[in-house]
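One structure below.
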Amino acid sequence: MADAFASLNGFEIFLLLCAVVGGFFVVVRLVLQFIGADFDGDADFDVDLDTDFDASHVDSDLGFKLLSLHGLSAFLMMFGLVGLALYRQSGAGFLGSILGACLAGLASVWVIGRLFALFSSLQSSGTLQTSMAVDCTGTVYLKIPAGGTGRVTINFHKRLREFDAVAKGGGELLTGTPVRVVQVNANILVVEPITE
């Protein structure tokens, strides 16, 4: 083992150190993410001007940038590995190894950044948009009094959901009446009875 390190010159040791340090942080971060121990900073700052800055609400696509721990560790790992391979195995020389190592490091940062962007595009807020309930059908769950508000059960996105509702034209609808949503006002549905 000592003989292997003794045969390395200063440039090769530098490249090896870059690969080891970058690889260490890549592996540690990967293991922490798999076990769910990903560390996020959470801080609230109050300024005398009544301005609140909340650092925990950062978009997930901002989590991977060139100067983040992810970016620097991926760059260092690939810089060291490719630089060492080019210098020692291919005999590319000092400048060729530096150029190839920089290109490999930047390419790895770009690829990992694209993967994170792809993963963040797979996120869904899970929020139901009530405006999409128009033309859905259901039944009156709690009687809708004349000019008042009741509750309806609507088949909304293949699930039964309960919503506050008013009758179209202000009439009364009894419990169990089949209805169709014709309009949405804020979060209150405007329904009309289904006549067959």
Within segment 146-162, restricting attention to residues that are in a strand (DSSP E or B) and touching a Gly at 6+ places or on another chain (Cβ under 7 Å), which residue is surrounded by the fewest Cβ atoms within 10 Å (Cβ to Cβ)? N155
Please indicate, with yes or no, whether at least one residue in segment 100-121 is in contact (Cβ under 8 Å) with a residue 24 or more places away in the chain, more than 15 Å from the chain's Cα centre (by Cα) and farther than 21 Å from R29 by Cα. yes
Of the residues in segment 163-182, those that are within 42 Å of the chain's Cα centre (by Cα) and open to solvent by 90 Å² or more (accessible area, probe 1.4 Å) number 1
Checked segment 83-137 for anything open to solvent by less than 100 Å² (accessible area, probe 1.4 Å), at positive phi and modelled with pLDDT of 80 or more; matches are G93
Does V190 fit the bill of being in a strand (DSSP E or B), of a type in the set (A, V, I, L, M), modelled with pLDDT of 90 or more and touching a helix residue (DSSP H, G or I) at 6+ places or on another chain (Cβ under 7 Å)? yes
All but one of (1) basic (K, R); (2) on the phi > 0 side of the Ramachandran plot; (3) surrounded by 13 or more Cβ atoms within 10 Å (Cβ to Cβ) hold for K143, so report the exception by its number. (2)
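The values are calculated or read from the model by the stated rules, or taken from the named source; none is laboratory data. None of the values given here were measured: they were computed from a predicted structure. Glycine gets a Cβ as well: all are built from the backbone with ideal geometry, and neighbour counts include every protein chain shown. Heads up: the accessible areas ignore ligands, DNA and RNA and are worked out on the full protein's heavy atoms, side chains in. Shrake-Rupley method; radii C 1.70, N 1.55, O 1.52, S 1.80 Å.
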